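Peer 1: My questions will all concern the structure given below.
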Protein chains: 4
Amino acid sequence: MALTDHQQREIAEARAETRPTLRATVPALEEILHQPMAVLDHGFVRVIDYMGDDAAVVQAARVSYGRGTRKVSEDRGLINYLMRHRHTTPFEMCEIKFHVKLPVFVARQWIRHRTANVNEYSARYSVLDREFYIPAPEQLAAQSAVNRQGRGAVLEGAEAEEVLAILRRDAAQTYDDYLWMLNEAEEGGAVDSARAGLARELARMNLTLNVYTQWYWKVDLHNLLHFLSLRADPHAQYEIRVYADAMMEAVRRWVPMVHDAFLDYRLGAATLSGKMLEVVRRMLDGETVEQAGSGLGAREWRELMAMLGR
Amino acid sequence: MALTDHQQREIAEARAETRPTLRATVPALEEILHQPMAVLDHGFVRVIDYMGDDAAVVQAARVSYGRGTRKVSEDRGLINYLMRHRHTTPFEMCEIKFHVKLPVFVARQWIRHRTANVNEYSARYSVLDREFYIPAPEQLAAQSAVNRQGRGAVLEGAEAEEVLAILRRDAAQTYDDYLWMLNEAEEGGAVDSARAGLARELARMNLTLNVYTQWYWKVDLHNLLHFLSLRADPHAQYEIRVYADAMMEAVRRWVPMVHDAFLDYRLGAATLSGKMLEVVRRMLDGETVEQAGSGLGAREWRELMAMLGR
Amino acid sequence: MALTDHQQREIAEARAETRPTLRATVPALEEILHQPMAVLDHGFVRVIDYMGDDAAVVQAARVSYGRGTRKVSEDRGLINYLMRHRHTTPFEMCEIKFHVKLPVFVARQWIRHRTANVNEYSARYSVLDREFYIPAPEQLAAQSAVNRQGRGAVLEGAEAEEVLAILRRDAAQTYDDYLWMLNEAEEGGAVDSARAGLARELARMNLTLNVYTQWYWKVDLHNLLHFLSLRADPHAQYEIRVYADAMMEAVRRWVPMVHDAFLDYRLGAATLSGKMLEVVRRMLDGETVEQAGSGLGAREWRELMAMLGR
Amino acid sequence: MALTDHQQREIAEARAETRPTLRATVPALEEILHQPMAVLDHGFVRVIDYMGDDAAVVQAARVSYGRGTRKVSEDRGLINYLMRHRHTTPFEMCEIKFHVKLPVFVARQWIRHRTANVNEYSARYSVLDREFYIPAPEQLAAQSAVNRQGRGAVLEGAEAEEVLAILRRDAAQTYDDYLWMLNEAEEGGAVDSARAGLARELARMNLTLNVYTQWYWKVDLHNLLHFLSLRADPHAQYEIRVYADAMMEAVRRWVPMVHDAFLDYRLGAATLSGKMLEVVRRMLDGETVEQAGSGLGAREWRELMAMLGR
């Protein structure tokens, strides 16, 4: 994780003194406010602002006054109920803002979640830094044989070395050429006065998709949980999942009751179709059900057996 | 504005003590945080939470660290530039949450702004209070003769009295009948054990559209300004415009630089079509332009002359 | 269902002749295009336009050409897979537009679904018709004793008669007064030249919430299914559920494969929390599980037993 | 523009025969339906479906039946009025679906417009083709000296040749390495059985940002016009502007009245701030106004003079 001196100074200043507020505050989140959580080789996630807490969800659900007038156990029960029955609007009453540094190919997946606000570093306007994501050796995996969008075994030996060498070499080569085309005296180089230099908005196209970008990303709690339900899932690509994991830690500190409800009723939950439920009912009645007579396709049958741990 | 004792106590508690935070705070907004601003005869708007400030807009625009590292005059210039050129995403980085009490027919207009989060008091679940909007005499206007969705002269004399009497009588009658159908011993009455009582979700349909409801409404600054540009406009219906005015006061306290830019570049601005611009150019060249030779329709011509104050 | 002569003529004209198109068409939906399906006492739903079909969902999922190049059974399997795993974007590629006439209190629930486009009849601009929803006797239910937002037994005898009489009387009275305040010679009446007449935008506030309004409502298939999953559900209020049922019939004709998948994997499905799944696993292992030792609260236990049909 | 044989056959089939429909059809758009409009060196835009026409905008504005019952001149006047006064919801009643092939760095700008539906080709799932955007010589521009996100003079001579050679070489090198790492026997090569091959979701990160991707993009007319107002603007980057131009041609064929109104009231329009309007008023009164006494900053003054053509 590469923070410039300037950035580190800014963070230190932001954390130097507190100000008084009449808003809800969350001490456990304030502890890490502004501070980066390292992700991948050069990336990070840091919380830079937030609005609301567990009680704000409860308050919205009751659409009434009464912060603190009810026992915590009731608040927890209400939050669990909202999560279980997908009553989503109370969770929209909390908001959080992250500063994220991430590879472009991860940013491309991330941005598909449209219900959020984004301000991204502009490579039309400014020059990107020489920072590329190179997978750790244990993340250098082969194509999965069974899942067209998954990973299989970790590459080993000469192949692994060669792949890493290629990724490093191509990133360096394309970045060197990017700087040469820009002709802007970056990295201590000198401007070649014989050349006009290519416009930044064009030169950037020579960079590879593992170059790092950064953005502010602001989202309400409901949409953040939806993001996490997809991206903290084992089927998500590892390189975005680690960002989801970091944001999950922020959620844990910020709204601990919502976090617990989310783990039980969303991340750890499973949805059974009408036909799947029928199979379970028959099994609970003592019947031995096979796929053949289940009304389920082979794939659904496997999915159901996995849910039931059989 | 009718606040219950319970609500007043809650507000007093919420304002009783401050908590320390590392987030941006805005003292001028904290001054009125939680406190209701009266609107219409029984309504109010109060700010119950906020995230960000003028600097957060600037920071997002720069997608960089640097709070306070630049002179205020530069921040103002940047905010003006963003507003003038409709660079909207930095304004999305601030968020505010209101608690609003408003008549249902106003709520119906308001909710058409979809890019916001809402939790409304549910008349399916709870009984509504006996509170109806009755216009002040100076707001009791005739249909405009020139504008199909506007108001003309104020009603006077016997007609005005009769209209007010009707509005009061029908509201009272329908509300009395609402309570009778509910048979829930509201307002100190007794339950008639011989009757089952009508379900709340049905009984509410007997209420008139001026009955008050309330909600939490959370919105980002960009979408709030869009709302205000439509609803603080003279063409907006008076009964929603007064809510916009109250929220404008919150914006003035919260993000004063954005507020000033909004007044100059949005509320006070006018958009001239290509043909209108051509007319202005000809006039500035000293030509006397009449509607007939302007290329503009009669209505557009009037609109242009109004913009130019001629 | 009250269609004016003018409306009936318009529908007849719209259905009088077909035009050739190179777009996907769905004959089963064309059969009912433009034609109203009656809902409640004066309401209707009619499909007035659509884009896409089952194949468009498949095509988007494959992000490739290939309409008709694969066997129908494969298309169905793919649609089932998408629905089961909540891959939602392919369903967004189909769009449908409805014309709906509905009571205002139903419109207020409906509009909470924000991801749709709406153009509603404006009572600021025009005069509303004398049409109110009066429940059929079998829908006149008491408040549920167990569910704060549900209905219990049907009202009977004198109470039912009295409630219906009140609903009719108050609707008629408030509407008569609405017309009187407008003073616009509606319904064949004469203008009283001694009165200015109240502005439409004010007079409407005297109407009750069961007055009918109408709108065009355009939505993509994914968001329509989300709407239906909430509003075709037994917990939805009857008065909006009947609109959902009518739209479900349109979905059945429009995208039959999506419709079937939706019934099995969404409407007929149930989501089990991590703890609920654990209970089911223990039961399938032959253990007798009681609520006390289940790790579930009393309410969750009841919900689980209901899902399992026990 | 590279269409595979398969794609060309599919398009021919889609255009081979028409089907009858009761929906609104637009013959001028049907003429080009499914057919690609070439953009850049390998890209294209093609309309693959649409819903609505000029009359649908009018119909929504009137929220009434009546297609064709009013004279065309009135429809045009109404559309102009809606556009001028930014009454946006009637434009949301039309929908269009494009299939677009475009470089990734253009896709990254494009996707910032969130109010649309997207299904993109997945490089996690499939292998990308060897297609990269290489600017035409006349588009190879230097960085603008006056605008941090603009282009200046066209590069010439040896520098231009070198830049083009670099872009080609780096794209080829990174793509060759991509294929090698995949080890999937693409482009007629053989699989090296000694190597496992890198997962597609990882290998893609080695590609440069000018590689082509493709997607289906569905959007309503209001949001399309908003996109075009930003991207068909001279300040937009050339490489996205050419896509906007192609879509503008589709709009011209699809909704010609809306197209004309858009040109006059949006693309050719200018918004003057309150202070700018005051300056114009003083000038029209015959006063000689200089920047110094105008109340405008230097930059605003230049912008105003540009609008006024002075």
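What follows draws every value from the coordinates through simple rules; no lab data is involved. These numbers come from a predicted model, not from an experiment. When we count neighbours, we look across all protein chains shown, and the Cβ atoms used for this are built from the backbone with ideal geometry, even at glycine.
Peer 1: Note down the nm distance, to one decimal, between modelled labels 7 Å out along Cα→Cβ at D:Ser122 and at C:Glu162.
Peer 2: Going from the D:Ser122 label point to the C:Glu162 one covers 6.2 nm.
Peer 1: Treating only the Cβ of Lys, Arg, Asp and Glu as charged (+1, +1, -1, -1), what charge dipole size does the protein assembly as shown show about its Cα centre? Round to the nearest 20 debye. Could you put the intermediate results ahead of the total?
Peer 2: On the way: 152 positive and 172 negative charges, 1 e Å.
For this selection, approximately 0 debye.
Peer 1: Here is a follow-up. What residues qualify as long-range amide H neighbours of A:Leu207, i.e. H under 5 Å apart, gap of 5 or more or another chain, H built at 1.01 Å from N?
Peer 2: D:Leu209
Peer 1: For the range C:114-157, which GluC sites (Glu not before Pro) are both in a DSSP coil and crowded by at most 15 other Cβ atoms within 10 Å?
Peer 2: C:Glu156
Peer 1: Which aspartates and glutamates have a Cα less than 14 Å from the Cα of D:Lys101, not counting those fewer than 8 places away in the same chain?
Peer 2: D:Asp41, D:Glu120, D:Asp129, D:Glu131, D:Glu239
Peer 1: Would you work out the relative contact order for chain A, in percent, from Cα pairs under 8 angstrom that are 6 or more residues apart? Write down the numbers at each step before the final one.
Peer 2: Numbers: 369 pairs, mean separation 69.4, N = 310.
Taking the mean separation of contacting Cα pairs over the length of chain A, I get 22 percent.
Peer 1: Listing C:Val146, B:Val242 from the residue with the fewest other Cβ atoms within 10 Å to the one with the most, what is the order?
Peer 2: Working: C:Val146 6, B:Val242 22.
Final ranking by Cβ density, sparse to dense: C:Val146, B:Val242.
Peer 1: Within a 10 angstrom radius of the beta carbon, how do D:His226, C:His99 rank from fewest other beta carbons to most?
Peer 2: Numbers: D:His226 17, C:His99 23.
In order of increasing Cβ crowding within 10 Å: D:His226, C:His99.
Peer 1: Using alpha carbons only, how many degrees (0 to 90, rounded to 10) separate the axis of helix A:238-254 from the longest principal axis of chain A?
Peer 2: 60
Peer 1: Greater than 22 Å separation of Cα atoms is the criterion. Which listed pairs, B:Lys97/D:Lys275; A:Lys97/B:Lys218; C:Lys97/D:Lys218; A:Lys97/B:Lys97; A:Lys218/C:Lys218; B:Lys97/C:Lys97, meet it?
Peer 2: B:Lys97/D:Lys275; A:Lys218/C:Lys218; B:Lys97/C:Lys97
Peer 1: Then there's this: Hand me the GluC sites (Glu not before Pro) from the range D:228-310 located in a DSSP loop with no more than 12 other Cβ atoms within 10 Å, in residue order please.
Peer 2: Answer in residue order: D:Glu287, D:Glu290.
Peer 1: While we're on this one: Using a 7 Å offset from Cα along the direction of the beta-carbon, what are the separations from B:His87 to the same position in each other copy, nm, ascending?
Peer 2: 3.4, 3.9, 4.3
Peer 1: For the range B:4-32 and the range B:266-310, what is the separation of their Cα centres, given in Å?
Peer 2: Each part's Cα centre sits 50 Å from the other's.
Peer 1: Could I ask something else about it? Do the sum for chain A: with -39,500 (n - 2.57) for every DSSP H run of n ≥ 4, divided by all residues, what is the mean residue ellipticity at 222 nm, to the nearest 500 deg cm²/dmol?
Peer 2: Per the formula, -12500 deg cm²/dmol.
Peer 1: Right, next: Taking every residue in D:22-35, how many Cβ atoms of other protein chains lie within 10 Å of its Cβ, on average?
Peer 2: Working: counts 16, 16, 5, 6, 2, 3, 0, 3, 5, 1, 1, 3, 3, 1.
Average per residue, whole number: 5.
Peer 1: Give me B:Leu228, C:Leu225 sorted ascending by neighbouring Cβ count inside 10 Å, so fewest comes first.
Peer 2: The order, fewest Cβ neighbours first, is B:Leu228, C:Leu225.
Peer 1: Please find the FRET efficiency linking B:Thr4 to C:Gln149, where r is the Cβ-Cβ separation and R0 is fixed at 25 Å, and quote it to the nearest 0.05.
Peer 2: So, using R0 = 25 Å, E works out to roughly 0.65.
Peer 1: From the residues D:Phe44, D:Cys94, D:Thr18, which one has its Cα farthest along the dipole of the range D:15-119 in the positive direction, the dipole being from +1 and -1 charges on Cβ of Lys/Arg and Asp/Glu about the Cα centre?
Peer 2: Of the options given, the answer is D:Cys94.
Peer 1: If I take all pairs of Cα atoms in the protein assembly as shown, what percentage of them are more than 50 Å from each other?
Peer 2: Summing the P(r) of the protein assembly as shown above 50 Å gives 30 percent of all pairs.
Peer 1: Shortest first, in nm, what separates the label point of B:Arg169 from those of the same position in the other copies (7 Å along Cα→Cβ)?
Peer 2: Going from nearest to farthest copy, the values are 1.4, 9.3, 9.4 nm.
Peer 1: Calculate log10 I(q)/I(0) of the range B:136-209 for q = 0.13, 0.23 Å⁻¹, where I(q) comes from the Debye formula with a single equal point scatterer on each Cα and nothing for solvent.
Peer 2: -0.58, -0.98
Peer 1: Distances from D:Glu187 to the same residue in each other copy, label points 7 Å out along Cα→Cβ, in nm, shortest first?
Peer 2: 2.6, 7.9, 8.2
Peer 1: In percent, how large is the relative contact order of the range A:158-310, given Cα pairs closer than 8 Å and 6 or more residues apart?
Peer 2: Once normalised by length, the contact order is 12 percent.
Peer 1: Please work out the C-alpha center-to-center distance from the range C:130-180 to the range B:240-264 and express it in whole Å.
Peer 2: 43
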